[in-house]
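Take a look at the structure set out below.
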Amino acid sequence: MRTYTMNHTTRRDSAMKILLTLLSALGCAGMLTDGAIAQVAIRGKTILTMSGPPIANGVVVIEAGKITAIGPADTTRIPNGLRVLDANVVTPGLIDAHSTVGLSGIYNQKHDQDQLEHSTPMQPELRALDAYNAHEALIDWVRSFGVTTVHTGHAPGELISGQTFIVKTSGNTVDDALVKDFATVAATLSTSALRKGKGKTPGTRGKLVALLRAELIKAQEYLRKQENAKEDKPPSRKLKLEALGRVLNKEVPLMVTAHKAQDIANALRVAREFDIRLILDGAAEGYLLLDQIKAAGIPVIVHPAMKRAYGELKNMTYENAAKLRHAGIRIASQSGYESYVPKTRVVLFEAAIAAANGLSINEALATITIDAARILGIDHRVGALEVGKDGDVALYDGDPFEYTTHCIGTVIEGKVVSDKVR
Amino acid sequence: MRHSNLYLATAALLGCFSTGAALAQDAPIAFTGATLIPIAGDPIENGTIVVHGGKIVAVGAGSAVTIPADAQTINATGKIIMPGLVDTHSHVGGFGGADGSAPIQPDVRIYDSLNVHNSGFRRVVAGGLTTVNIMPGSGHLLSGQTIYLKMRGRNTIEENWYTDADGEPMGGIKMANGTNSIRNKPFPGTRGKSAALVRAKYIKAQEYRDKIKRADGNPDEMPDRDIGLDALVEVLAGTRIVHHHTHRHDDIMTVLRLSEEFGFRVVLHHVSEGWKVAKEIADADVPCSIILVDSPGGKLEAVNLLYKTGGVLERAGVKVAFHTDDWITDSRLFFRSAALAVRAGMSREGALKALTIHGAEMLDLGDRVGSLEPGKDADFILLSGDPFSVYTKVLETWVEGRKVFDRSVPIDELHAVGGFGAGDDQIPYMCCYDHAELNQ
């Protein structure tokens, strides 16, 4: 009863076979899983490139996984042999700037919940890489709404819960999916990281910050020892401090989940003291600290707009994203972590609520494309439709943010990875 | 907070903790120029609705409705007016139903635990909801009696509930099966045990009912009063509807089986796998109140949840309503659930009914609310645009001819959008003052 505008037109010819042979010979076969050719052209009535103004009646050409041409249909040639897809609205593949998919599974049973290790409050050595299930059903779910890249990993809920990383939402193994193996160290400065009861620590906000500072100081000393060590006598390696050392070296940001203004202020203070790169995560009361966040030059991955307004988020507002953005702060949207139902949010839907509450459509789309890429340091590859960037594209039959619009196709590096219409 | 103090001061000054009659609207009000979605018929462009004394007195095309001479006329050109929404399943109000002492607790009344000042009620009216069934949770086979509330915004729970012909509060009973109520002792450990416990309890209720009947008013013959069994006798008599949490297809069938055995009236709630047994539900002539959440999973019984359930049930001939399950979904996003169902194949007309009249019927309130018809309660909302668009805002919510939410008023906007203080307890609207004045 519904009609969708994605038509699959295949212009297969011998050129494709030649290319396949060539690519295989060059050792690019990994890119060609499922026998599909990573070559596709997408025609859009509107193409929202995120690197310039929208293109009306445009074409995106993807060859060998990368965008090789983009422009108006009348002036952009589609090479022979390409599969051609059509859509009303075409956007870059969406980026979910903070998720736990792949670690926090659909069943919510012990065996598929790898996002939080509670044995001790600070475990920066836990790699997301070792916990990610590339076949998890919720990855398929978010992919079907146009999400092609996720920043995922250890969840909020412990002072330092572990590492996060960045993957594409396709691939048979974590290695296939990998974009960046170590994206942030995830920390939580909020009551959700507290432990209650006699003898338990951290039990207060003050203790949270004290433990975090002490650990960072330990890592500073570790780095110093490593530097000063004689070559034949290297000090013993400590995974925990190695990970924090990379934060201190500014190779990797510390992503701090904080919602109340006082916790956000704590995060800013710690970042100043240790001169580290900080990403604020959540920041439900961020609208109370616009000047401070702006002055610190800190980006914010804003809580899901539809997060529940209880507890530490009781003062949250649908307009938080707009207030931050319009204060000149770089923001991204996220699906976040959900412990119950729904097991994951869909970042497209969260950005839609932001679009309906103060952000323009373009600004809201930036929070799930180019600005998310910039915050995560992957904008050289994804987040905009430009020649040379990854061929990651989302296809919609209307305004992507409308409740009743469908994602009719998701393309990753030139391959259609979803044509499920939900 | 600043506003709260003002409220208290004003309330005290005016001494206005009044009851029903004094709150009724005095002069008729006519809204003109709007697109009316009456639910009881096709949409009406450039329509007029007249309300008076808390009731709807006229609905129709502007040319066909005579506006009373003493009416206050409000120009609603460019806006949509439709009935206030009916939420068949909500947990707003700081609820606390049954406790951990037993899996079946029909003696517990949810209304004994509700806080009318809870900010959740302000979000309810901000979402355009005017009738809400507040339920205890799903961690029990039977977690207590539910209460049907009208969002009058008054100061006590008694002033906000629906009453039946005898003046008694109206509500159903909350039951659940599947995984939520399977817990450690004294709760059941399996689905078979869950059903057996429920059957045993209803058999007890039947015997209790029969004893009362046999006593025929003779106090010496009467059984000792059991307030839990009293509620179940109402269930057996069909005057108290069972609102039954159920997700998996086999759990749904178990509810239908028990409903048939004991003859209770039931509304299936959630029904995540209803798409697998739509024909069976239709054959049993049992209505469904559904929820759409953004992804499946989170618990085993919701792994096969799909957006298409509403459409599948609709096409099978099942009466469908939506619910928020607030806090599972926020009351301010109630339209969104319906829109997601439309996205996945439900008809727009069906989805609008599922937000209004169908829900009202599932609460035995279909003759009082759920559509714009003369004689019905003047519960309606003003929208800025298409009900199924993400960009549409609820502008005003009216209950019994009185405005209980106005987005142009700062404190109401605070609850609609969120912000500092939005989650704090609120003094609800009361009679006798213009809340707009308090926010200057």
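The values are calculated or read from the model by the stated rules, or taken from the named source; none is laboratory data. These numbers come from a predicted model, not from an experiment. Every residue, glycine among them, receives a Cβ derived from its backbone with ideal geometry; neighbour counts consider all protein chains shown.
The residues of the range B:344-366 that are surrounded by fewer than 23 Cβ atoms within 10 Å (Cβ to Cβ) and over 18 Å from the mean Cα position of the chain (by Cα), listed by number, are B:344, B:345, B:347, B:348, B:349.
Here is a yes/no grid of residues against (1) at pLDDT below 95; (2) within 22 Å of residue A:421 (Cα to Cα):
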{"position": "A:23", "(1), (2)": "yes, no"}
{"position": "A:32", "(1), (2)": "yes, no"}
{"position": "A:43", "(1), (2)": "no, yes"}
{"position": "A:49", "(1), (2)": "no, no"}
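Taking residues in the range A:326-347 that are closer than 14 Å to residue A:301 by Cα, and partners anywhere that are in a loop (DSSP other than H, G, I, E, B) and among the aromatic types (Phe, Trp, Tyr), the pairs with Cβ atoms closer than 9 Å and at least 6 places apart or on different chains are A:347/A:145.
If you go through the range A:109-135 and pick out every residue that is under 19 Å from the mean Cα position of the chain (by Cα) and among the charged types (D, E, K, R), you end up with 3.
If you filter the range A:114-136 down to residues that are surrounded by fewer than 18 Cβ atoms within 10 Å (Cβ to Cβ) and either without any contact (Cβ under 8 Å) to a residue 60 or more places away in the chain or of a type outside the set (Asp, Glu) (or both), you find that the one that is farthest from the other protein chains (Cβ to nearest Cβ) is A:120. The test for being out of contact with any helix residue (DSSP H, G or I) (no Cβ under 6 Å at 6 or more places or on another chain) and either under 22 Å from residue A:348 (Cβ atoms) or not assigned by TED's automatic domain parsing to the domain that holds residue A:215 (or both) holds for residue A:104.
Of all residues in the range B:189-211, at least one satisfies being of a type in the set (Phe, Trp, Tyr), closer than 21 Å to residue B:257 by Cα and either modelled with pLDDT of 95 or more or in the same structural domain as residue B:255 (by TED's automatic domain parsing) (or both). Entry remark, the range B:208-228: residues being loosely packed, with under 15 Cβ neighbours inside 10 Å and touching a helix residue (DSSP H, G or I) at 6+ places or on another chain (Cβ under 9 Å) number 3 in total.
Any chance the range A:217-237 includes a residue that's in contact (Cβ under 8 Å) with a residue 24 or more places away in the chain and among the acidic types (Asp, Glu)? Checking the range A:217-237: not a single residue is in contact (Cβ under 8 Å) with a residue 24 or more places away in the chain and among the acidic types (Asp, Glu). Residue B:86 fails exactly one of the following numbered conditions: (1) without any contact (Cβ under 8 Å) to a residue 60 or more places away in the chain; (2) in contact with a helix residue (DSSP H, G or I) (Cβ under 7 Å, 6 or more places away or on another chain). What is the number of that condition? The one condition residue B:86 does not meet is (1).
Could you list, in sequence order, the residues of the range A:370-379 that are outside any loop (DSSP other than H, G, I, E, B) and either charged (D, E, K, R) or more than 17 Å from residue A:153 (Cα to Cα) (or both)? Selection gives A:370, A:371, A:374. Test residue A:323 against the stated conditions and say whether it is farther than 24 Å from residue A:146 by Cα, within 14 Å of another protein chain (Cβ to nearest Cβ) and surrounded by fewer than 24 Cβ atoms within 10 Å (Cβ to Cβ). Spelling it out, residue A:323 is indeed farther than 24 Å from residue A:146 by Cα, within 14 Å of another protein chain (Cβ to nearest Cβ) and surrounded by fewer than 24 Cβ atoms within 10 Å (Cβ to Cβ).
Listed here are the residues, each with its yes/no results for (1) surrounded by 14 or more Cβ atoms within 10 Å (Cβ to Cβ); (2) part of a loop (DSSP other than H, G, I, E, B); (3) of a type in the set (Val, Ile, Thr).
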site	(1), (2), (3)
A:176	yes, no, no
A:192	yes, no, no
A:198	no, yes, no
A:209	yes, no, yes
A:214	no, no, no
A:230	no, yes, no
A:236	no, yes, no
A:244	yes, no, no
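For the range A:380-396, residues that are charged (D, E, K, R), in contact with a Lys or Arg (Cβ under 9 Å, 6 or more places away or on another chain) and part of a loop (DSSP other than H, G, I, E, B) total 3.
Residue B:142 meets all of the listed conditions (1) under 17 Å from the mean Cα position of the chain (by Cα); (2) buried (at least 19 other Cβ atoms within 10 Å of the Cβ) but one, namely (1). Criterion applied to A:336, A:388 was being small (Gly, Ala, Ser) and either within 12 Å of chain B (Cβ to nearest Cβ) or closer than 24 Å to residue A:101 by Cα (or both), and the one residue passing it is A:336. Right, residue A:367: more than 30 Å from residue A:328 (Cβ to Cβ), in contact with a Ser or Thr (Cβ under 7 Å, 6 or more places away or on another chain) and more than 12 Å from chain B (Cβ to nearest Cβ) or not? No; evaluated as a whole, the condition is false for this residue. Quickly run through the range A:87-113 and pick out the residues that are away from chain B (no Cβ under 14 Å), over 19 Å from residue A:182 (Cβ atoms) and assigned to a loop (DSSP other than H, G, I, E, B). Within the range A:87-113, A:93 is the sole residue that qualifies. Residue-level analysis places residue A:354 outside the set of residues that are under 15 Å from the mean Cα position of the chain (by Cα) and either over 28 Å from residue B:298 (Cα atoms) or not in a loop (DSSP other than H, G, I, E, B) (or both). Answer yes or no as to whether residue A:355 is buried (at least 24 other Cβ atoms within 10 Å of the Cβ), within 14 Å of chain B (Cβ to nearest Cβ) and not charged (D, E, K, R). Spelling it out, residue A:355 is indeed buried (at least 24 other Cβ atoms within 10 Å of the Cβ), within 14 Å of chain B (Cβ to nearest Cβ) and not charged (D, E, K, R). Per this entry, residue A:308 is not counted among residues that are surrounded by fewer than 21 Cβ atoms within 10 Å (Cβ to Cβ) and in contact with a Lys or Arg (Cβ under 9 Å, 6 or more places away or on another chain).
Of all the numbered requirements in (1) over 19 Å from residue B:44 (Cα atoms); (2) in contact with a Phe, Trp or Tyr (Cβ under 8 Å, 6 or more places away or on another chain); (3) in a helix (DSSP H, G or I), residue B:404 misses one, and that requirement is (3). Taking (1) within 13 Å of chain B (Cβ to nearest Cβ); (2) part of a helix (DSSP H, G or I); (3) surrounded by fewer than 20 Cβ atoms within 10 Å (Cβ to Cβ) in turn, residue A:349 satisfies each apart from (3).
Among residues that are more than 17 Å from residue A:280 (Cα to Cα), in contact with a helix residue (DSSP H, G or I) (Cβ under 6 Å, 6 or more places away or on another chain) and within 7 Å of chain B (Cβ to nearest Cβ), residue A:318 is included. Just to verify a result, which residue in the range A:391-412, among those that are surrounded by fewer than 24 Cβ atoms within 10 Å (Cβ to Cβ) and among the charged types (D, E, K, R), is farthest from residue A:321 (Cα to Cα)? Result: A:397.
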